[in-house]
Amino acid sequence: GAEIRQAAGDGSQFGVRIEYIVQDEPAGLAHAVLTAEPFLGSAPFVMYLGDNLLQGGMEELVREFREHEPEALILLTPVPDPQNYGVAELGGDGSVVRLVEKPLEPATNLALVGVYMFTPLIHDAARAIEPSARGELEITDAIQWLVDTGKRVEPHVVRGWWKDTGRLEDMLEANRLILDTLERRVDGELDGAQVDGRVVVEAGAVLERATVRGPAIIGAGALVRDAYIGPYTAVGSRCVIERAEVEHSILLEGSSVRNLDGRMESSLLGRDVAISRGQTQPRAYRFMVGDKSEIGIL
């Protein structure tokens, strides 16, 4: 929570106003809706899970919700592994018939995207349901209550790309999709550096005797020296890359990569992570690795 507040602030940097409501326990998404009820009051609202990324945003979806005025609008997309998601069954007329959270034997491949639009009736639905087997108030059960009580729940099948960024592969894919939308902009300092294609070099970044091939972004205050940055790489602010090659990777702010013999690729570095190769003999690997991390040496 503190990290989200630090990154998003009051929203002024995005031209919006952000207020924070803390869910006091991980009791499910429907519980989160109830937690927010005093703030939401009688207003319709969007519930957008933060690890989801939708192509083109959602302005058209909100417009559709306002025009049709259902009690809920849910987003669906075909997935190869529906057992890992909430799954929707649709009737012959395209209406929502049934929703099941992470079914062992999914009836369809239509997964619930983590973006919903609701009227205030969803609060009554959340109060009417019981906790699931995992002890949570499931938003799928609350939506099913709307269906069972004859309320109109409209589905919208997402035709563009959608990413749930919960895994490394998904995060890298989302990074590729976003970088593909870049327009070239070089505001930083180039000193004997070559920048090819759709590359953003933010103000304060310094590239010395480096090659960057887009799509890629080099964040503010970063230093890239005697290095190669390949396509689909996002280098965060204040990062340092020296005498190394990095491609198809994400480096969060303050990270550093130095003196690597080979190319680092398909990697994700958190904030203030340092990777380097020492010059002393004999050569050896030395790691300090946090929980649930992965290191691959090829």
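Here is how the numbers come out for the structure above:
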quantity	calculated
Selection count, region 51-97, where residues are β-branched (V, I, T) and out of contact with any helix residue (DSSP H, G or I) (no Cβ under 9 Å at 6 or more places or on another chain)	3
Residues located in region 1-13, provided they are among the hydrophobic types (A, V, I, L, M, F, W, C) and either loosely packed, with under 10 Cβ neighbours inside 10 Å or closer than 21 Å to L61 by Cα (or both)	A2, A7
Condition check for F39: surrounded by 13 or more Cβ atoms within 10 Å (Cβ to Cβ), closer than 20 Å to A142 by Cα and of a type in the set (F, W, Y)	no
Residue tally, condition surrounded by 14 or more Cβ atoms within 10 Å (Cβ to Cβ) and in contact (Cβ under 8 Å) with a residue 60 or more places away in the chain, over region 52-64	5
Checklist (1) surrounded by fewer than 21 Cβ atoms within 10 Å (Cβ to Cβ); (2) at pLDDT below 95 applied to S255, failing item	(1)
Qualifying residue in region 178-186 (condition: closer than 30 Å to F118 by Cα and either open to solvent by 30 Å² or more (accessible area, probe 1.4 Å) or in a strand (DSSP E or B) (or both))	yes
Evaluation of P231 against (1) within 20 Å of G188 (Cβ to Cβ); (2) of a type outside the set (G, A, S); (3) modelled with pLDDT under 95; (4) not in a strand (DSSP E or B) (one fails), failing number	(3)
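Quick grid of which residues meet (1) of a type in the set (F, W, Y); (2) touching a residue at least 24 places away in the same chain (Cβ under 8 Å); (3) in contact with a Phe, Trp or Tyr (Cβ under 8 Å, 6 or more places away or on another chain):
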position: Y232; (1), (2), (3): yes, yes, no
position: R238; (1), (2), (3): no, no, no
position: E242; (1), (2), (3): no, no, no
position: E245; (1), (2), (3): no, no, yes
position: S256; (1), (2), (3): no, no, no
position: L260; (1), (2), (3): no, no, no
position: M264; (1), (2), (3): no, no, no
position: D272; (1), (2), (3): no, no, no
position: S276; (1), (2), (3): no, no, no
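Matching residues to (1) under 22 Å from P70 (Cα atoms); (2) buried (at least 21 other Cβ atoms within 10 Å of the Cβ):
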| position | (1), (2) |
| --- | --- |
| E105 | no, no |
| I139 | yes, yes |
| L146 | yes, yes |
| R159 | yes, no |
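The values are calculated or read from the model by the stated rules, or taken from the named source; none is laboratory data. All figures in this text were calculated on a predicted structure; none of them were measured in a lab. Methodologically, a virtual Cβ is constructed for each residue, glycine included, from the backbone with ideal geometry; neighbour enumeration extends over all protein chains shown. Heavy atoms of the whole protein, side chains included, go into the accessibility calculation; ligands, DNA and RNA do not. Shrake-Rupley method; radii C 1.70, N 1.55, O 1.52, S 1.80 Å.
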